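Visitor: Before anything else, here's the structure in question.
The values are calculated or read from the model by the stated rules, or taken from the named source; none is laboratory data. Everything quoted here is computed from the prediction, not taken from an experiment. For neighbour counting, all protein chains shown are included, and Cβ atoms are generated from backbone atoms with ideal geometry for every residue, glycine included. Heads up: the accessible areas ignore ligands, DNA and RNA and are worked out on the full protein's heavy atoms, side chains in. Shrake-Rupley method; radii C 1.70, N 1.55, O 1.52, S 1.80 Å.
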Amino acid sequence: MPMQQQTSPIGRDTVRVDGPKKVTGLAQYTSDFHFPGMLYAVPVGATIAKGNITQLDTSAAETMPGVRAILHRGNIGKIFRSIPGPGFSGICEERRPPFEDDVIRYYGQYIALAVAETFATAKAAADAVSATYATEKPNVELQLVADEEPDEVMTTFGPMKRVESERGDAEAAFASAPVKLDHTYITPFETHNPMEPHSTTAIWEGSTLTLYESSQGVVNLRSVLAQMFGLPIENVRVITKFVGSGFGSKLWPWTLCPLAAAAARQVGAPVRLVLARKMMFHAVGHRPRTQQRVRLGATKEGKLLSLQHDYVYTRSMLDAHHEGCGEGTPFQYSVPNLRVTFGRTKRNIGGGADMRGPGRVPGLYAVESAINELARELNMDPVQLRVINEPQIDESRGLPFSSRHMLECLQLGAEKFGWSKRTSAVGSMKRDGLTLGWGVAACSWIASRFAAAAYIQLRDDGSCRVASATQDIGTGTYTNLAQLASEKTGVPLNKVEVALGDTALPEGPISGGSMATPSLVNAVFAAAEQAIESLKTVAVSTPGSRFVGHQPDDLRFDNGALFLNAEGPANQVPFVDLLRQANLRMVSGNGQSPSRFGEEKAKFSTQSFGCHFVEVTWHSEIARLRVSRVVSVIDAGKIINTLAGRNQIQGAVVMGVGMALLESTEYDPQNGAPINSSLADYLVAVNADSPSIDVHFLDYPDKEINQVGARGIGEIGLAGIAAAITDAVHHATGVRVRELPVRIEDLLA
Ligand code: MOS
């Protein structure tokens with residue numbers, strides 16, 4: 001008789017396993033941890049963006065009651081520079097250790113740190129520190145011209161050729177193309193604004209350091225701190241139980257971590273440092289400003305002949321964050337002649353950082369906008385233009401895609417959206433007295449894997465524990481791991497305990513690049529398989545077990561129970577019964593999965609794909625623009641949790657509304673300060689700005705990535721959406737905006 005199969009927990013709508021903890025307040029975020037004798041630290045930021053400190057007066061602050069220390073360059077003690085190396089990630093976004101010199105390179109750069117018994121005292125002491133500067137005029141110029149640099153430059157990605165990708169003769173093909181388009185697209189400085197600000201608490205016990213941190217990568221942070229404080233790696237522990245999101249700003253450590261650790265070292269007590277919202281605009285990253293020239297050459301029928309994408313982005317004075325806008329360009333479309341180049345230019349602004357969909361999100365905004373403009377030029381449907389330029393392979397690498405279903409995305413999206421009802425003339429579509437604009441764009445995001453390890457226990461109370469030193473930044477990693485463990489062990493979701501966010505656990509991936517989940521699948525499965533192997537050994541060797549006399553290989557584990565291959569599940573024994581019979585509390589297993597980067601010769605180009613269809617409404621009499629409706633179709637392999645998956649895409653679309661219409665960090669040209677450094681002045685899209693968002697996933701497992709076939713979904717939803725929105729704005733208003741965000745004044749022409 002066939003066994004009653006438990007429905008797989010993979011690929012279903014699954015409510016977050018950590019949801020109850022979050023809504024009841026039991027979830028502990030970094031600043032929810034309290035320690036006896038803990039002190040509070042508040043940084044002092046420079047109030048100039050370029051120059052030197054000529055004098056720092058800490059005397060008033062030092063004598064305030066309750067102040068325990070004012071750290072500055074003269075007394076902070078030794079901190080080493082962190083350097084990435086083999087087997088030692090050690091990536092720190094701002095390489096310069098805190099207070100290394102008296103040179104000010106950006107507004108808000110930390111120049112001192114007040115440590116006191118209460119937060120209020122620390123804040124007052126920080127305010128009482130006064131600095132005298134030799135001030136120079138900062139460079140926060142918005143017009144971007146690439147700095148003079150060699151053909152190959154050093155970036156956070158390692159050495160990079162500035163001609164990023166090239167095939168055919170793009171210039172000649174452009175010159176002779178019957179239809180040409182040449183436009184420049186600009187994306188502004190954007191600031192990550194996670195709900196939870198950066199926060200860190202450092203605790204020393206002898207020569208061991210424990211850091212509670214709001215981090216997207218505890219394992220890397222441990223490496224960085226070990227380097228900066230000259231400690232063996234096993235003397236450092238980093239704990240991150242819950243994160244109020246990060247959007248990339250918490251991927252790599254910033255100087256607040258070593259600052260807190262140095263302060264705790266000096267005062268001999270735990271020290272907590274939580275950034276104020278204003279400080280979130282200074283020294284914890286931003287999306288660099290980009291200026292991207294796109295040239296397209298095509299036949300009159302719309303076949304692309306040439307694609308040139310030349311972009312410039314901003315960087316800080318010392319660091320080399322690479323904003324790879326051209327990363328997705330070489331394989332987005334079929335085109336025989338292509339050239340992608342980049343340049344960069346230094347500004348007196350804190351270090352740039354990855355922000356959700358780094359590089360490709362601003363990059364695809366430009367390329368997809370150009371494609372939409374070309375469609376308009378050709379009087380062609382923009383969906384059709386994409387269809388006829390769909391590539392068969394990744395033409396930049398000469399490799400097939402592991403799984404690319406862009407055409408199906410476009411077809412399904414068009415159908416769900418009702419695209420066939422579109423009339424293309426500007427301002428031609430109306431509803432309820434409003435002018436409608438419809439737009440579309442395609443998107444893509446890298447699919448790959450980091451190295452990952454995981455640990456699983458099967459326990460005698462019928463529960464299972466799965467653990468990995470990765471973290472859940474709000475994306476659903478706790479739930480995904482519970483689903484993966486449940487899939488392999490048959491333990492129901494509500495009996496799976498998930499442990500994350502602690503470097504004492506097996507090394508897990510960063511929560512970045514949309515790769516945490518795809519990296520963990522094989523590691524969790526391997527750990528479960530090892531635990532099951534142990535269970536089989538127990539089964540054949542425990543006196544009284546019905547499997548005594550057989551070999552482990554004679555047994556099969558399915559759905560939480562063991563049975564003889566020869567018999568089938570008729571006489572199965574649940575693992576709980578075996579453990580009890582053997583008087584064992586548990587069996588356990590470890591699993592590893594290697595990184596997919598630098599794999600010998602890749603056989604496939606692995607990417608996720610998708611598209612967005614967007615409707616805006618334009619009320620011209622009162623200049624009111626709204627994104628009213630979005631249909632997104634995403635081809636990201638197997639979706640492990642379809643509920644959390646749709647949430648990811650919806651959240652990204654909302655962020656895309658912000659990117660297209662609201663977000664921009666403005667720097668004062670006089671003193672270099674970010675002017676709109678609050679959530680009242682830096683606008684992000686909120687519920688009131690959110691359209692109806694209809695998300696569909698294609699469901700083609702990509703076995704190149706892992707056994708489930710799951711690629712990542714954290715970032716792809718933000719790619720392309722701004723281009724779809726600006727094209728919809730053009731369709732409604734006739735105004736083509738090529739600099740984000742679209743401002744109402746742009747539409748009042
Ligand atoms: Mo994402 S920008 O890799 O956190």
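Visitor: Return yes or no: is A451 in contact with a strand residue (DSSP E or B) (Cβ under 6 Å, 6 or more places away or on another chain), aliphatic (A, V, I, L, M) and either closer than 30 Å to G326 by Cα or away from the ligand (no atom under 16 Å from the Cβ) (or both)?
Guide: Values: in contact with a strand residue (DSSP E or B) (Cβ under 6 Å, 6 or more places away or on another chain): no; aliphatic (A, V, I, L, M): yes; either closer than 30 Å to G326 by Cα or away from the ligand (no atom under 16 Å from the Cβ) (or both): yes.
It is false that A451 is in contact with a strand residue (DSSP E or B) (Cβ under 6 Å, 6 or more places away or on another chain), aliphatic (A, V, I, L, M) and either closer than 30 Å to G326 by Cα or away from the ligand (no atom under 16 Å from the Cβ) (or both).
Visitor: Looking only at residues that are hydrophobic (A, V, I, L, M, F, W, C) and not in a strand (DSSP E or B) in region 179-198, which one is nearest to R289 (Cα to Cα)?
Guide: Step one: list which residues in region 179-198 are hydrophobic (A, V, I, L, M, F, W, C), which gives 179, 181, 186, 189, 195.
With the extra rule that they be not in a strand (DSSP E or B), the set shrinks to 189, 195.
Numbers: F189: 4, M195: 23 Å.
It comes out as F189.
Visitor: Take D502 and tell me if it is over 24 Å from I10 (Cα atoms), out of contact with any Leu (no Cβ under 7 Å at 6 or more places or on another chain) and charged (D, E, K, R). Explain how you work it out, then say what you get.
Guide: Values: over 24 Å from I10 (Cα atoms): yes; out of contact with any Leu (no Cβ under 7 Å at 6 or more places or on another chain): yes; charged (D, E, K, R): yes.
Against the criterion (over 24 Å from I10 (Cα atoms), out of contact with any Leu (no Cβ under 7 Å at 6 or more places or on another chain) and charged (D, E, K, R)), D502 qualifies.
Visitor: Let me confirm something: among A602, A582, A566, which residue is open to solvent by 60 Å² or more (accessible area, probe 1.4 Å) and among the aliphatic types (A, V, I, L, M)? Full working, then the answer.
Guide: On the way: A602 fails: open to solvent by 60 Å² or more (accessible area, probe 1.4 Å); A582 fails: open to solvent by 60 Å² or more (accessible area, probe 1.4 Å).
Selected residue: A566, the only one of A602, A582, A566 that is open to solvent by 60 Å² or more (accessible area, probe 1.4 Å) and among the aliphatic types (A, V, I, L, M).
Visitor: Here is a follow-up. State whether the residues of region 387-404 include one that is open to solvent by less than 20 Å² (accessible area, probe 1.4 Å) and within 22 Å of H731 (Cβ to Cβ).
Guide: yes
Visitor: Which of (1) of a type in the set (A, V, I, L, M, F, W, C); (2) away from the ligand (no atom under 16 Å from the Cβ); (3) touching a Pro at 6+ places or on another chain (Cβ under 9 Å) does F557 not meet, given it meets every other one?
Guide: The failed condition is (3).
Matching residues to (1) within 19 Å of H321 (Cα to Cα); (2) within 25 Å of the chain's Cα centre (by Cα):
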| site | (1), (2) |
| --- | --- |
| D182 | no, no |
| P197 | no, yes |
| S207 | no, no |
| S214 | no, yes |
| F247 | yes, yes |
| W254 | yes, yes |
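Visitor: Shifting gears a bit: So, in region 677-688, of the ones that are of a type outside the set (A, V, I, L, M, F, W, C) and open to solvent by 40 Å² or more (accessible area, probe 1.4 Å), which residue ends up farthest from G108 (Cα to Cα)?
Guide: Pass one, region 677-688, residues of a type outside the set (A, V, I, L, M, F, W, C): 677-678, 681-682, 687.
Checking which are open to solvent by 40 Å² or more (accessible area, probe 1.4 Å) leaves us with 681, 687.
Working: D681: 18, N687: 31 Å.
Here the answer is N687.
Visitor: Take T517 and decide whether it is closer than 30 Å to L562 by Cβ, within 16 Å of the ligand (Cβ to nearest atom), of a type in the set (V, I, T) and touching a Gly at 6+ places or on another chain (Cβ under 7 Å).
Guide: Numbers: closer than 30 Å to L562 by Cβ: yes; within 16 Å of the ligand (Cβ to nearest atom): yes; of a type in the set (V, I, T): yes; touching a Gly at 6+ places or on another chain (Cβ under 7 Å): yes.
For T517, the condition - closer than 30 Å to L562 by Cβ, within 16 Å of the ligand (Cβ to nearest atom), of a type in the set (V, I, T) and touching a Gly at 6+ places or on another chain (Cβ under 7 Å) - is met.
Visitor: Do we have A732 as among the aliphatic types (A, V, I, L, M), assigned to a helix (DSSP H, G or I) and either in contact with an Asp or Glu (Cβ under 8 Å, 6 or more places away or on another chain) or closer than 30 Å to S316 by Cα (or both) here? Step through it out loud before you land on a result.
Guide: Numbers: among the aliphatic types (A, V, I, L, M): yes; assigned to a helix (DSSP H, G or I): yes; either in contact with an Asp or Glu (Cβ under 8 Å, 6 or more places away or on another chain) or closer than 30 Å to S316 by Cα (or both): no.
When the stated conditions are applied, A732 does not pass them.
Visitor: Right, another one. Does T329 count as under 22 Å from the mean Cα position of the chain (by Cα) and more than 29 Å from G474 (Cα to Cα)?
Guide: Working: under 22 Å from the mean Cα position of the chain (by Cα): yes; more than 29 Å from G474 (Cα to Cα): yes.
In short, yes.
Visitor: Out of (1) farther than 27 Å from I186 by Cβ; (2) surrounded by 18 or more Cβ atoms within 10 Å (Cβ to Cβ), the odd one out for E368 is which?
Guide: (1)
Visitor: Right, something else. In region 146-162, what residues are open to solvent by 60 Å² or more (accessible area, probe 1.4 Å), among the hydrophobic types (A, V, I, L, M, F, W, C) and either assigned to a strand (DSSP E or B) or without any contact (Cβ under 8 Å) to a residue 60 or more places away in the chain (or both)? Steps first, answer last, please.
Guide: Within region 146-162, the first condition is being open to solvent by 60 Å² or more (accessible area, probe 1.4 Å), and the residues that meet it are 148, 150-152, 154, 157, 159, 161.
In the following step, the residues that additionally are among the hydrophobic types (A, V, I, L, M, F, W, C) were identified as 154, 157.
Within region 146-162, M154 is the sole residue that qualifies.
Visitor: Which of the numbered conditions does V274 fail, given that it passes all the others? Conditions: (1) within 20 Å of the chain's Cα centre (by Cα); (2) surrounded by fewer than 24 Cβ atoms within 10 Å (Cβ to Cβ); (3) closer than 19 Å to L211 by Cα; (4) not small (G, A, S).
Guide: In the conditions (1) within 20 Å of the chain's Cα centre (by Cα); (2) surrounded by fewer than 24 Cβ atoms within 10 Å (Cβ to Cβ); (3) closer than 19 Å to L211 by Cα; (4) not small (G, A, S), V274 misses (1) alone.
Visitor: Taking the criterion of being touching a strand residue (DSSP E or B) at 6+ places or on another chain (Cβ under 6 Å), surrounded by 24 or more Cβ atoms within 10 Å (Cβ to Cβ) and within 29 Å of L564 (Cβ to Cβ), would at least one residue in region 465-484 satisfy it?
Guide: Yes, that holds for at least one residue.
Visitor: Oh, and also: So which of R16, R68, R12 is basic (K, R) and under 30 Å from A673 (Cβ atoms)? Let's see the steps before the verdict.
Guide: Working: R16 fails: under 30 Å from A673 (Cβ atoms); R12 fails: under 30 Å from A673 (Cβ atoms).
The conditions single out R68.
Visitor: Considering every residue within region 374-382, establish whether at least one is more than 16 Å from the ligand (Cβ to nearest atom), charged (D, E, K, R) and open to solvent by less than 10 Å² (accessible area, probe 1.4 Å).
Guide: Step one: of region 374-382, the residues more than 16 Å from the ligand (Cβ to nearest atom) are 374-382.
Those still in the list that are charged (D, E, K, R) too: 376-377, 381.
Checking which are open to solvent by less than 10 Å² (accessible area, probe 1.4 Å) leaves us with none.
No, there is no match, as no residue in region 374-382 is more than 16 Å from the ligand (Cβ to nearest atom), charged (D, E, K, R) and open to solvent by less than 10 Å² (accessible area, probe 1.4 Å).
Visitor: For region 697-721, which residues satisfy the criterion of being open to solvent by 40 Å² or more (accessible area, probe 1.4 Å) and either assigned to a strand (DSSP E or B) or under 22 Å from P362 (Cβ atoms) (or both)? Full working, then the answer.
Guide: Of region 697-721, the ones open to solvent by 40 Å² or more (accessible area, probe 1.4 Å) are 697, 699-701, 703-704, 707.
Correct list: F697 only.
Visitor: Please name all residue pairs, on different chains or six or more residues apart, with Cβ atoms under 6 Å, provided the first residue is in region 24-53 and is at negative phi and open to solvent by 50 Å² or more (accessible area, probe 1.4 Å) and the second residue is among the basic types (K, R) and assigned to a loop (DSSP other than H, G, I, E, B).
Guide: Q28/K241
Visitor: Check every one of the strands (runs of 3 or more DSSP E) wholly within region 199-290 and list those with 2 or more residues that are free of Cβ contacts under 8 Å to residues at least 40 places away in the same chain and more than 16 Å from the ligand (Cβ to nearest atom).
Guide: Numbers: elements: 199-205, 208-213, 236-239, 271-274.
Qualifying strands (runs of 3 or more DSSP E): 208-213.
Visitor: Take V616 and decide whether it is part of a helix (DSSP H, G or I) and modelled with pLDDT of 95 or more.
Guide: Numbers: part of a helix (DSSP H, G or I): no; modelled with pLDDT of 95 or more: yes.
So V616 fails the test.
Visitor: How many residues, within region 98-110, are crowded, with 21+ Cβ neighbours inside 10 Å and either at positive phi or part of a loop (DSSP other than H, G, I, E, B) (or both)?
Guide: Qualifying residue count for the region: 7.
Visitor: Test Q291 against the criterion of being of a type in the set (S, T, N, Q) and open to solvent by 10 Å² or more (accessible area, probe 1.4 Å), and give yes or no.
Guide: Values: of a type in the set (S, T, N, Q): yes; open to solvent by 10 Å² or more (accessible area, probe 1.4 Å): yes.
It is true that Q291 is of a type in the set (S, T, N, Q) and open to solvent by 10 Å² or more (accessible area, probe 1.4 Å).
Visitor: Does region 735-744 contain any residue that is within 24 Å of the chain's Cα centre (by Cα) and either open to solvent by 20 Å² or more (accessible area, probe 1.4 Å) or within 16 Å of the ligand (Cβ to nearest atom) (or both)?
Guide: Within region 735-744, one or more residues are within 24 Å of the chain's Cα centre (by Cα) and either open to solvent by 20 Å² or more (accessible area, probe 1.4 Å) or within 16 Å of the ligand (Cβ to nearest atom) (or both).
Visitor: Going by the conditions given, is T299 in contact with an Asp or Glu (Cβ under 7 Å, 6 or more places away or on another chain) and either crowded, with 24+ Cβ neighbours inside 10 Å or in contact (Cβ under 8 Å) with a residue 40 or more places away in the chain (or both)? Break it down stepwise before answering.
Guide: Numbers: in contact with an Asp or Glu (Cβ under 7 Å, 6 or more places away or on another chain): no; either crowded, with 24+ Cβ neighbours inside 10 Å or in contact (Cβ under 8 Å) with a residue 40 or more places away in the chain (or both): yes.
Taking the combined requirement at face value, the residue does not satisfy it.
Visitor: Within region 111-145, count every residue that is assigned to a strand (DSSP E or B) and open to solvent by 50 Å² or more (accessible area, probe 1.4 Å).
Guide: Taking region 111-145 as the starting set, the residues that turn out to be assigned to a strand (DSSP E or B) are 111-116, 130-135.
Narrowing the set further to residues that are open to solvent by 50 Å² or more (accessible area, probe 1.4 Å) leaves 130, 132, 135.
Final tally of qualifying residues: 3.
Visitor: State whether the residues of region 527-539 include one that is buried (at least 17 other Cβ atoms within 10 Å of the Cβ), part of a strand (DSSP E or B) and either out of contact with any helix residue (DSSP H, G or I) (no Cβ under 9 Å at 6 or more places or on another chain) or β-branched (V, I, T) (or both).
Guide: No, because not a single residue in region 527-539 is buried (at least 17 other Cβ atoms within 10 Å of the Cβ), part of a strand (DSSP E or B) and either out of contact with any helix residue (DSSP H, G or I) (no Cβ under 9 Å at 6 or more places or on another chain) or β-branched (V, I, T) (or both).
Visitor: Here's something else I'd like to know. Are any residues in region 458-479 within 16 Å of the ligand (Cβ to nearest atom) and either more than 17 Å from the chain's Cα centre (by Cα) or outside any loop (DSSP other than H, G, I, E, B) (or both), and if so, which ones?
Guide: Selection gives T477 alone.
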